[in-house]
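The structure under discussion appears below in the form of structure tokens.
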Amino acid sequence: MHRFLLLFLLLPLAACDNRRPGTSGDDDDSAVDDDDVVDDDDAVDDDDAADDDDTPEDDDDTPEDDDDTPEDDDDAADDDDDTPGDDDDTPADDDDTPADDDDDTADDVLLFAENGWAIDLSSGTVVSPSGGEQFLAQVAARPLLWSLVEPTFTEVTGLLTFAEESSSPPVQDFCTPTTYAETAGSGQWTNPEFETTPTSLRSSFDIPSVGLIEVDIQELVLSGSFTGSLDLLDLRFQGIIDVRTLGLGIPCSQLGLFVPGIVCGACPADPSAQECVILDVIDLEADSMPGLELFEWSQSDVDNNSGC
């Protein structure tokens, strides 16, 4: 009877010992220490925490790329694409803000309204004409001002004129009429690239040994691309000056007497006449001037300006 009672008391204790063979007495459900699992997803701290889906050190078996740490992942603001300096969630350098754009595209050209640029015509590489550097150096004190007005998603429109000589910062010269440099018509606007429809711009330049002369730049075209940070890239200036319109009374072949090294070419409208200076300048520099506002100014306004 005593032996049967003792066996009855020991049976519940035996039923409680369900440990698996070969374990240490601490299993997968213990967060303190887990010695018996090579790769464990349940323990907060186990022998292979360097490769554990529940620890912040490593999520996907690769320390360099996990979803829980801001150093390098696809969810944190610091880095989206495994490159610390480039991500789509932060305004510092991404594709969602106009301040700094990874793809150099103008996501919303409407943001450019009343923004402008001062374009240094002497800063680029002269493709044409030979000797054109000398002429452009003489107009360097008068940057070209371009201010966008009412841009839309389908076209870009801006006023264009020259700045007052040696003004700093550059300001509009009211002795020069404005013209519209816009993509409407034969121009092109394919975000972020643009090319304006040919126009003309007239202004006065002080040419050494000649004095102040009126220069009419015909077939003027600007092209390049916008960036989200309001910069202009790959900026190109093209235009034609017909020497016969300058009032110098000399053929283009003698223009080199006043602008050393310059070479004349055939006029597009009159190919038999070698009387034109064909301007083609690439990689121009343009200083962004946010808020630049230009006033539409006609030749009549210039003629009525007593200061001109």
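The values are calculated or read from the model by the stated rules, or taken from the named source; none is laboratory data. As the structure is a prediction and not an experimental result, all values here were calculated from the model. Counting neighbours? That spans all protein chains shown, and the Cβs are built from the backbone with ideal geometry, glycine included. The area values use the complete protein model at the heavy-atom level, side chains included, leaving out ligands, DNA and RNA. Shrake-Rupley method; radii C 1.70, N 1.55, O 1.52, S 1.80 Å.
Worth a mention:
- Residue, nearest to the chain's Cα centre (by Cα), within region 165-195, restricted to residues that are of a type in the set (A, V, I, L, M, F, W, C) and assigned to a loop (DSSP other than H, G, I, E, B): ALA184
- Test: residue in region 150-160 that is under 25 Å from GLN299 (Cβ atoms), in contact (Cβ under 8 Å) with a residue 60 or more places away in the chain and open to solvent by less than 50 Å² (accessible area, probe 1.4 Å): yes
- Odd one out for GLY239 among (1) under 17 Å from ALA181 (Cβ atoms); (2) in a loop (DSSP other than H, G, I, E, B): (2)
- Within region 137-196, the set of residues being in contact with a Ser or Thr (Cβ under 7 Å, 6 or more places away or on another chain) and aromatic (Phe, Trp, Tyr) comprises PHE162, TYR180, TRP189, PHE194.
- Residues within region 281-304 that are touching a residue at least 24 places away in the same chain (Cβ under 8 Å) and surrounded by fewer than 13 Cβ atoms within 10 Å (Cβ to Cβ), tallied: 7
- Selected residue (only one of ALA273, ALA269 is under 24 Å from THR176 (Cβ atoms) and either free of Cβ contacts under 8 Å to residues at least 40 places away in the same chain or touching a Cys at 6+ places or on another chain (Cβ under 8 Å) (or both)): ALA269
- Complete set of residues in region 150-164 that are assigned to a loop (DSSP other than H, G, I, E, B) and more than 22 Å from ASP120 (Cβ to Cβ): GLU150, PRO151, THR152, PHE153, THR154, GLU155
- THR178 meets the stated requirement of being within 20 Å of LEU232 (Cβ to Cβ), open to solvent by 20 Å² or more (accessible area, probe 1.4 Å), among the β-branched types (Val, Ile, Thr) and at pLDDT 95 or above.
- Residues of region 221-272 that turn out to be under 20 Å from the mean Cα position of the chain (by Cα), open to solvent by 50 Å² or more (accessible area, probe 1.4 Å) and either modelled with pLDDT under 95 or at negative phi (or both), as a count: 3
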